[in-house]
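Novice: Structure incoming, see below.
Bear in mind these aren't lab numbers, they're just calculated from the coordinates by the rules spelled out. This structure is a prediction, so every number in the text was calculated from the model and none was measured. Note that each Cβ is placed from the backbone with ideal geometry, even for glycine, and that neighbours are counted across all protein chains shown.
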Amino acid sequence: MRKIKWGVIGSGGIARRRTIPEGILPASNARLTSVYGPTAATNAEVAREFGAEPARSIEALLESDVEAVYIGSPPGKHLEQVQACARAGKHVLCEKPLGITVSEVSAMIRACRSAGVRFGTAFMMRFHARHREALRLIQEGRLGQPVFARAQLSCWYPPIPGAWRQQPAESGGGSLIDMGGHCIDLLEMYFGKIKAVSCLINRTVHAYASEDAAVATLLFENGAMGVVDSFFCIPDDASRNVLELYGTHGSIIASGTIGQEADGEMIARLDDLPDLPGYDSLQERKPGIPIPINPAPVNTYLAEIEEFSRAIIEDRDPVNNAALGLRSQEVLSACYESAHLRRQVTLGA
């Protein structure tokens, strides 16, 4: 099998912790060749650790024979770096959020389209085996008409000197754009496009510039509603990172699937009746038989790298494409606008 030669821009952080060791190295159709990071000593360590060539600059990395570049740097640097990759004729898989603003993301997409290179968004949670199984059930109509969804992703993220996620100029925002973006993307995967949002953000505990608390309420085009809650001020062990999907034929509820791991728990309670049930004046809650959803686990970082590499080999758009990143940026922008104006914002209005 052909192996796509990968380079990495932003070799520390998530690239070093997850994407390189769990995604690029074990991928059947990928090979790591070069890495670049702004701190030369750290970049050299990463190169030694994973058997790659340490590039002295982004230009040097792009002058090499890499075919695809994974960008794991802060969002404030994405526009310049994606455009540089496009000019060099390199395919790009970029971490989310793709940029700081919608206009930045649009400029990236134009650059890649003009250069004829593939451009993808690293929404690796779309590849979680339980998330995929829930999507299959919904697409088969097992949930019935979508009614309500909730997605939660929170952690404890105290003030850290130099942490770019705590500086909006580098990150675009705080807990909402960093973690809530994943949640919004998942809910749109299940229930379709969001029509309107109403959002609150706050610095509840931590005093850094980015928000540490966010709650967004969502109205989908199909009439369903949703909630996304993302916090940097809830202890890791306290947050269950829940996913709740409700419809006229039941529910699919998970905990621990939203995150960086491949495990978690998911239970479905679905009826197979052809018609909706009648009214029960007693509203008796019959426990029913829960259906555990336990597909074989899939490493999400491995899945996203293999899918993007296949797309290059097969000369097609990847499943994890840039349109998803643009849509995410549009919804997030509407959420921040809503929080600033203190009113509901309609997408596209």
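Novice: Where does each of ASP185, ASP315 land when they are ranked from fewest to most other beta-carbon atoms within 10 angstrom? Write out the running numbers ahead of the final one.
Specialist: On the way: ASP185 22, ASP315 7.
By the 10 Å Cβ count, ascending: ASP315, ASP185.
Novice: To continue, here is another question. Using a 10 Å cut-off around each Cβ, can you sort LYS90, LYS77 from fewest to most neighbouring Cβ atoms?
Specialist: Details: LYS90 24, LYS77 18.
Least to most surrounded, the residues fall as LYS77, LYS90.
Novice: How would LEU341, LEU176 line up from fewest to most surrounding beta-carbon atoms within 10 angstrom?
Specialist: LEU341, LEU176
Novice: Once you have the Cα-Cα distance between ALA60 and ASN202, take 0.36 nm times their residue separation minus that, and quote the gain in nm to one decimal.
Specialist: On the way: separation 142, 0.36 × 142 = 51.12 nm, distance 4.18 nm.
Contour length minus the Cα-Cα distance gives 46.9 nm.
Novice: Hey, in the chain, which Cys have no second cysteine's beta-carbon closer than 4.7 Å?
Specialist: Cys with no partner Cβ under 4.7 Å: CYS85, CYS94, CYS112, CYS155, CYS183, CYS233.
Novice: Further question on the same structure: Once amide H atoms are built 1.01 Å from N in the peptide plane, which residues 5 or more positions from GLU211, or in another chain, come under 5 Å H to H?
Specialist: Answer set, sorted by chain and number: GLY174, SER175.
Novice: Among VAL46, VAL215, VAL205, which one shows the biggest mean-square fluctuation in a GNM of the chain, springs joining Cα atoms closer than 10 Å?
Specialist: Residue with maximal mean-square fluctuation among VAL46, VAL215, VAL205: VAL205.
Novice: Enumerate the amide H contacts of VAL35 below 5 Å, restricted to partners 5 or more residues apart or on another chain; note that Pro and chain-start residues carry no placed amide H.
Specialist: Amide H neighbours of VAL35, under 5 Å, 5+ apart: VAL8, GLU53, ALA55.
Novice: Starting from the Cα of PHE148, step 7 Å toward the Cβ, then list every residue of the range 309-349 with an amide N under 16 Å from that point.
Specialist: none
Novice: Oh, and also: So between ALA296 and VAL319, what do we pick up on full extension, going 0.36 nm a residue minus the alpha carbon distance? Numbers along the way, then the final one.
Specialist: Working: separation 23, 0.36 × 23 = 8.28 nm, distance 2.03 nm.
Additional length available on full extension: 6.2 nm.
Novice: Further, regarding this structure: Quick one: dipole size for the range 145-215, taken about the Cα centre, charges +1 on Lys/Arg Cβ and -1 on Asp/Glu Cβ, in debye to the nearest 20. Please report the intermediate quantities before stating the final value.
Specialist: On the way: 5 positive and 6 negative charges, 40 e Å.
Once rounded to the nearest 20, the dipole reads 200 debye.
Novice: While we're looking at this one, here's another question. Under a Cβ-only charge scheme (Lys and Arg +1, Asp and Glu -1), can you give me the dipole magnitude of the chain about the Cα centre, in debye to the nearest 20?
Specialist: Numbers: 35 positive and 40 negative charges, 100 e Å.
For this selection, approximately 480 debye.
Novice: Cα to Cα, under 21 Å, and not fewer than 8 places away if on the same chain: which lysines meet these conditions relative to LYS193?
Specialist: By straight Cα distance, LYS193 reaches LYS96.
Novice: Let me know the shape class of the range 129-286, please: from the alpha-carbon gyration tensor, a ≥ b ≥ c as square roots of the eigenvalues, rounded when a/c is under 1.5, otherwise prolate if a/b is greater than b/c, or oblate. Before the final figure, lay out the partial values.
Specialist: Working: a/c = 2.31, a/b = 2.07, b/c = 1.12.
Taking the square roots of the gyration eigenvalues as a ≥ b ≥ c, the range 129-286 is prolate.
Novice: Then there's this: If I model a spin label as a point 7 Å beyond the Cα along the Cα-Cβ vector, how far apart are those points for ARG2 and THR101 in nm?
Specialist: Once both label points are built, they end up 3.8 nm from each other.
Novice: Excluding GLY226 itself, calculate the net charge of residues whose Cβ lies under 13 Å from the Cβ of GLY226, where each Lys or Arg counts +1 and each Asp or Glu counts -1.
Specialist: Working: positive: ARG150, LYS193, LYS195; negative: ASP185, GLU188, GLU221, ASP229, GLU244.
Local charge sum for GLY226: -2.
Novice: Another question about this same structure. May I ask you to evaluate 6.51 cos²θ - 1.76 cosθ + 1.60, the Karplus curve with θ = phi - 60°, for each residue of the range 164-177 and list the ³J(HN,Hα) values in order in whole Hz, giving x for glycine and proline?
Specialist: Per residue, the Karplus-derived 3J(HN,Hα) values read 5, 5, 9, 10, x, 5, 9, 10, x, x, x, 4, 5, 6 Hz.
Novice: When the Cα centres of the range 10-32 and the range 133-175 are compared, how far apart do they sit, in Å?
Specialist: Rounded to whole Å, the Cα centres lie 22 Å apart.
Novice: A follow-up question, please. Once the piece of chain linking ARG269 and GLU140 is laid out straight, how much longer is it, given 0.36 nm per residue of separation minus the C-alpha distance between them? Let's see the in-between values first.
Specialist: Working: separation 129, 0.36 × 129 = 46.44 nm, distance 1.49 nm.
Result: 45.0 nm gained on full extension.
Novice: What net charge is computed for the residues neighbouring GLY116, neighbours being all others with C-beta under 14 Å from the C-beta of GLY116, Lys and Arg scored +1, Asp and Glu -1?
Specialist: Values: positive: ARG87, LYS90, ARG110, ARG113, ARG118, ARG316; negative: GLU67, ASP315, ASP317.
That works out to +3.
Novice: Per DSSP H run of at least 4 residues, take -39500 (n - 2.57); add these up for the chain, divide by its residues and hand me the 222 nm value, nearest 500 deg cm²/dmol. It would help to have the intermediate numbers written out before the result.
Specialist: On the way: 9 runs with 102 residues, N = 349.
Helices in the chain give a 222 nm mean residue ellipticity of -9000 deg cm²/dmol.
Novice: Please give the residues of the range 157-172, grouped as numeric ranges, whose backbone N is less than 17 Å from a label point set 7 Å along the Cα-to-Cβ vector of ARG17.
Specialist: 157-167, 171
Novice: Can you list the aspartates and glutamates whose alpha carbon is less than 13 Å from that of LYS90, not counting same-chain residues fewer than 8 positions off?
Specialist: GLU59, GLU63, ASP65, GLU67
Novice: Students often check this: by mean Cβ neighbours within 10 Å, which of 136-146, 301-311, 190-200 ranks highest, and how do the rest follow?
Specialist: On the way: 136-146: 15.3, 301-311: 24.0, 190-200: 19.5.
With the highest mean Cβ count within 10 Å placed first, the list reads 301-311, 190-200, 136-146.
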